[in-house]
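Since the structure comes first, as structure tokens, the remarks are kept for the end.
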Amino acid sequence: MSLMQIPRKIEYALRAMIYLADRSGTVARGAEIAEHEHVPKYFLEKVIRDLMRRKLVRSRRGPGGGYELARVPSEVTFRDIIEAVEGPVALNVCVDGSSICALKPSCRMFRVWEEGQRAVLQILSRTTLEQIIADRAMDFRAALAIPRELGAAAKP
């Protein structure tokens, strides 16, 4: 069975950006990002170039050089990242804004594609790197609290 799924290029770009957001204000080497995020180094370099062209990432040369976010995590959305590496998000060609479909006036699926497009863009546009790193921090704090709760429950 085949799946409708996000291309690897998008997944790798999102992982790299989340990694950089976790270390906001610091510089990370490409090899470090690739190793930690399990992204082939040659592929990461291509993705980083796309992100740099869209001014989401900047590079630092020389000793201690590498990559860093070009904007604060609260100003970078999943949509920004996806469009930097793949172009505009379109659930189907009929909703990408550039196609003229002769079937549109009688198409019984168009409403579904249009509604899906709105929903996808809304989610991608409101999801920021700041939210993702905050979610991880909350998950980490919750994980630390579990043993204490279990310990408290075990006491008579």
| request: Could you give me the residue pairs with C-beta distances under 7 Å whose first residue belongs to the range 22-37 and is over 25 Å from SER74 (Cβ atoms) and touching a residue at least 12 places away in the same chain (Cβ under 8 Å), whose second residue is part of a loop (DSSP other than H, G, I, E, B) and not acidic (Asp, Glu) wherever it lies, and which are 6+ apart or on separate chains? | output: none
| note | By residue number, the members of the range 1-52 that are assigned to a helix (DSSP H, G or I), within 20 Å of GLU130 (Cα to Cα) and of a type in the set (D, E, K, R) are GLU11, ARG15, ASP22, GLU37
| field | Leading residue by the ranking (modelled with the lowest pLDDT) among those in the range 83-127 that are in contact with a Phe, Trp or Tyr (Cβ under 7 Å, 6 or more places away or on another chain) and farther than 30 Å from VAL57 by Cα | value | LYS104
| message | If I ask for residues that are surrounded by 13 or more Cβ atoms within 10 Å (Cβ to Cβ) and under 17 Å from MET4 (Cα atoms), which ones from the range 70-94 would you list? | response | ILE82, GLU86, VAL89, ALA90, LEU91, ASN92
| message | Residues to consider are ALA34, ALA21; find the one that is over 29 Å from GLN117 (Cα atoms) and in contact with a Leu (Cβ under 6 Å, 6 or more places away or on another chain). | response | ALA34
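The values are calculated or read from the model by the stated rules, or taken from the named source; none is laboratory data. Being a predicted model, the structure only gives us computed values, none of them experimental. Heads up, the Cβs are rebuilt from the backbone with ideal geometry, glycines too, and the neighbour counts pull from every protein chain shown.
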